[in-house]
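This report refers to the structure that appears directly beneath it.
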Amino acid sequence: MSRRLSWQAQDPEKNAEAKKYRNPVPSRAYILEFLEERGGPMPLDDLVEAFELNQRERTALSHRLSAMVRDGQVLPNRRGEYCLVDRIALVTGVVSAHRDGFGFVVPDQDDAEDVFLTPRYMRELMDGDRVAVRVSGRDRRGRPEGSLVEVLERNSTTVVGRYVRESRVGFVVPENPRITHRIAVPTDAVGKAKPGQVVLVEITSQPTRQSQPIGRIVKVLGKPNAPGMEIDIAVNVHGLPTEWPVAVEKETRRLGDKVPAGAARGRKDLRHLPLVTIDGADARDFDDAVFCEPTRSGWRLYVAIADVAHYVEPASALDEEAENRGTSVYFTRRVIPMLPEALSNGLCSLKEKVDRLCMVCEMQIRRDGTVSRSEFFEGIMRSQARLTYEEVAAMLYSKDAKLRRKHAELLPHLEELNAVFGALLTQRRKRGAIDFELPEAFVELGEDRRIESISTYERNDAHRMIEECMIAANVSAARFLGRNKLPTLYRVHDQPTAEKFNALKAFLATLGVPFPRVKNIEPQHFARILERVRGKSYDNLVETVLLRSMSRAVYQPDNLGHFGLALEEYAHFTSPIRRYPDLLVHRAIKHALTDKKPARFGYTNKDMQRLGEHCSMTGKRADEATRDAIAWLKCDFMLDKIGDEFNGVITGVTNFGVFVQLEDVFVEGLVHVTSLENDYYEFDASKHRLVGTRSKQIYQLAATLRVRVVKVDMEQRRIDFEPVKPKMRRRRKQAAVKTPTKKPARGRRRQGSRRKQTPS
């Protein structure tokens, strides 16, 4: 038997490789196993000879090894030989830089500690770079400290920042505070940029221990205060893909804009059912439609979801770009979609009165709110109406006569939908799901794309009704795939870490709110605490601390349940237009419906592990980008309010001050510890407060505080406040003389719908 047949016969992933590539080469797993058996490093030429690969396969193997280096599985030594990382005592991971110059390596291994990097090593690194480091000891705080061995992959090839000139030398100062390097720009690489403008600079020479990064300006974005600049900055800082590859545009055009007549073949026809979409007033992509009817034992609930998987096939250009983006990103007045608009707002969107392909979850729900049976199938539907949350709430709860007459045919079905919502809500409370009720800010922009007003966004029961229907479908999808033993992505929300839990118990004890003495933390314990403090003066304080003690939800193939929703299994099924994990769940369901074996599914558990990490990253990236854009807008909004006074609530306490959110405009800023009364303040982390050593003045989380705006820093996205001392009344023997006071000068005034909420 030849060596070629030998490695193909022994490679555990040969079938998956053959499906993905015309000229398959040894899989990552087999390469690692082969290097382990050889017991030493090997160069590319020796690996090619051992596997008997041709020139085309040699190129493919080289690309695979480069990807394995990037992912920290192997590492080339100085002689160009590939080594197993775990055999040379190195830690591989991603650099997380700090604005103060130091950084950490977040290891690829889940159970490994972050490795501290001193500013000395960070001089040649940037945030997000992949590196290999050697742990050289522990610092004075007991953290592992590392020395840089190799830069595996550079994260930053382009950087957005402000172009400045100092002493005839040009620099770009990055907008991302984690990038502490100034990027030098030679005179012949400036282009048409002028000092003060926001630009995109391409790094032509990465930083070293002896030199700073060098780049050339490739695009001028505009003036720092130009309308829409906040989005351009956020997009470039966080590396959000915005351009569609040519191959994606070609595939999209081939799909057309209508559902072909023959597409209904083999699908269940639901066009006779009064399915409706219920979304925000400004929604343009409609993922889901619902219909409910009564049965003897309860209700039959249909949740129909856009069949994106029918159009976006695995390994296609559309699929690769959707995976790359991971999620749609929703800015105020602009969306960066995961799929081209011809699909997201057109062919896939469940528009009113047009035929659309769908994946359907049909559920039998008992009167107690439990799902007794669920079934998945491919269907074709026609939405009977495009309704908004406000319209549905007005019909069902305010009994709006005009709307009830307008939608008289749909009203009975909406009433049944409301009835099943009541049952699902009862079951939600019974299992102990955690309900946070902190106010959420809604930003309204004017015609000049600047903030006109900031108000509280009110969620009504129509929002909650659709949310409960989506949760029921997501749970059914997770159970279905679990029964069929198919690799998939679960939406996992782990319980709080031991450290956060102990800090939470200590904090609650200071308020006289004891946490139950239990071995295992359950969601119902959190829910009961919220119920216990509801209506008390410190309820917002407790709710804030509880929320901050929670872990972040992630995507992964191992089902660990969803702590916040108190569910044993949970997957995202209901938004494949805007979330890549939902598309993967649809593909797995389709595979199961065709009675194919799990072994023949195009994805392995390792694939799902990689995709889960990527999708978790893209979700976090989207959150950070939208948060940065809103922070820019809020700073711009506050520029003409320097000197004004506001009532606020303390939303964060640190050793350097307190963060305060203004009650009227929902803008957050910092009261630095040096702005507090003439005293020394001690930070009490367990009680979330600062305490004056002499005055005993206390600044505690969720306490109210009147503040004055003293500074707005657009570059740092930071607003500084100072406390306003209460006015003292004095008794005087003589009549008080009014002394005119000069009001602080104010700057020139800058003039200034909602995405559907889905469970996390």
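Let's see how each residue does on (1) modelled with pLDDT under 90; (2) closer than 18 Å to SER575 by Cβ; (3) not in a helix (DSSP H, G or I):
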| position | (1), (2), (3) |
| --- | --- |
| VAL443 | yes, no, yes |
| ASP448 | yes, no, yes |
| ASN474 | no, yes, no |
| ALA506 | yes, no, no |
| LYS519 | yes, no, yes |
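Residues in segment 635-657 that are over 19 Å from LEU438 (Cα atoms), out of contact with any Asp or Glu (no Cβ under 8 Å at 6 or more places or on another chain) and crowded, with 20+ Cβ neighbours inside 10 Å: PHE637, MET638, LYS641, GLY657. Take the residues in segment 229-257 that are farther than 16 Å from ALA629 by Cα and of a type in the set (Gly, Ala, Ser); name whichever of them is surrounded by the fewest Cβ atoms within 10 Å (Cβ to Cβ). Top of the filtered list is GLY256. Residues in segment 481-521 that are of a type in the set (Gly, Ala, Ser) and over 30 Å from HIS586 (Cα atoms) were compared, and the one that is surrounded by the most Cβ atoms within 10 Å (Cβ to Cβ) is ALA503. If the condition is being loosely packed, with under 14 Cβ neighbours inside 10 Å and in contact with a Pro (Cβ under 8 Å, 6 or more places away or on another chain), then segment 397-430 contributes only GLU409. Here THR180 meets each of (1) of a type outside the set (D, E, K, R); (2) buried (at least 17 other Cβ atoms within 10 Å of the Cβ); (3) part of a strand (DSSP E or B) with one exception, condition (3).
Taken together, the residues in segment 476-493 that are among the aromatic types (Phe, Trp, Tyr) and assigned to a helix (DSSP H, G or I) amount to 1.
Pull up segment 126-150, narrow it to residues that are β-branched (Val, Ile, Thr) and at pLDDT below 85, then point me to the one that is surrounded by the fewest Cβ atoms within 10 Å (Cβ to Cβ). Among them, the one singled out is VAL149.
Based on what the data block shows, is ALA281 farther than 21 Å from LEU347 by Cβ, touching a helix residue (DSSP H, G or I) at 6+ places or on another chain (Cβ under 8 Å) and of a type in the set (A, V, I, L, M)? Spelling it out, ALA281 is indeed farther than 21 Å from LEU347 by Cβ, touching a helix residue (DSSP H, G or I) at 6+ places or on another chain (Cβ under 8 Å) and of a type in the set (A, V, I, L, M). Exactly one residue out of ALA566, ALA527, ALA588 is of a type in the set (Gly, Ala, Ser) and within 29 Å of ALA67 (Cα to Cα): that is ALA588. Identification of strands (runs of 3 or more DSSP E) wholly contained in segment 698-745 with 1 or more residues that are in contact with a Cys (Cβ under 7 Å, 6 or more places away or on another chain) and either at pLDDT 90 or above or surrounded by 12 or more Cβ atoms within 10 Å (Cβ to Cβ) (or both) yields 704-713, 718-723.
The C-beta contact set for segment 601-621 (first residue basic (Lys, Arg), second residue part of a helix (DSSP H, G or I), distance under 8 angstrom, 6+ apart or interchain) comprises LYS606/ALA29.
Residues that are among the acidic types (Asp, Glu), modelled with pLDDT under 90 and not assigned by TED's automatic domain parsing to the domain that holds ALA322: does segment 610-628 have at least one? Checked segment 610-628: no residue is among the acidic types (Asp, Glu), modelled with pLDDT under 90 and not assigned by TED's automatic domain parsing to the domain that holds ALA322. Here the helices (runs of 4 or more DSSP H) wholly within segment 31-125 that include at least 2 residues being at pLDDT 85 or above and more than 24 Å from PRO144 (Cα to Cα) are 44-51, 55-70. Note on segment 258-283: residues that are buried (at least 16 other Cβ atoms within 10 Å of the Cβ), assigned to a loop (DSSP other than H, G, I, E, B) and hydrophobic (A, V, I, L, M, F, W, C) amount to 5. Among the residues of segment 600-630, those identified as touching a helix residue (DSSP H, G or I) at 6+ places or on another chain (Cβ under 8 Å) and small (Gly, Ala, Ser) are GLY602, GLY612, ALA625, ALA629. Using the structure shown, decide if ILE203 is in contact with a Gly (Cβ under 8 Å, 6 or more places away or on another chain), crowded, with 17+ Cβ neighbours inside 10 Å and more than 27 Å from VAL94 (Cβ to Cβ). The answer is no for ILE203.
So is ARG491 of a type in the set (Lys, Arg), at pLDDT below 95, under 29 Å from TYR580 (Cα atoms) and touching a helix residue (DSSP H, G or I) at 6+ places or on another chain (Cβ under 9 Å) or not? When the stated conditions are applied, ARG491 does not pass them. Look at ALA498 and say whether it is of a type in the set (Gly, Ala, Ser) and out of contact with any strand residue (DSSP E or B) (no Cβ under 9 Å at 6 or more places or on another chain). Here the answer is yes, as ALA498 does meet what is asked. Which residue out of GLY103, GLY40 is among the small types (Gly, Ala, Ser) and surrounded by 17 or more Cβ atoms within 10 Å (Cβ to Cβ)? Of the residues listed, the single one that is among the small types (Gly, Ala, Ser) and surrounded by 17 or more Cβ atoms within 10 Å (Cβ to Cβ) is GLY103. Inside segment 668-697, residues that are in a strand (DSSP E or B) and of a type outside the set (D, E, K, R) make up a count of 9.
Residues of segment 359-382 include at least one that is within 16 Å of ARG578 (Cβ to Cβ), crowded, with 23+ Cβ neighbours inside 10 Å and of a type outside the set (Phe, Trp, Tyr). Inspect segment 247-257 for any residue being in the same structural domain as TYR389 (by TED's automatic domain parsing) and outside any helix (DSSP H, G or I) and give the result as yes or no. Taking every residue of segment 247-257 in turn, at least one turns out to be in the same structural domain as TYR389 (by TED's automatic domain parsing) and outside any helix (DSSP H, G or I).
The values are calculated or read from the model by the stated rules, or taken from the named source; none is laboratory data. All of these numbers come straight from a predicted model, not from anything done at the bench. In this analysis, Cβ positions are derived from the backbone assuming ideal geometry, glycine residues included, and neighbour counts consider all displayed protein chains.
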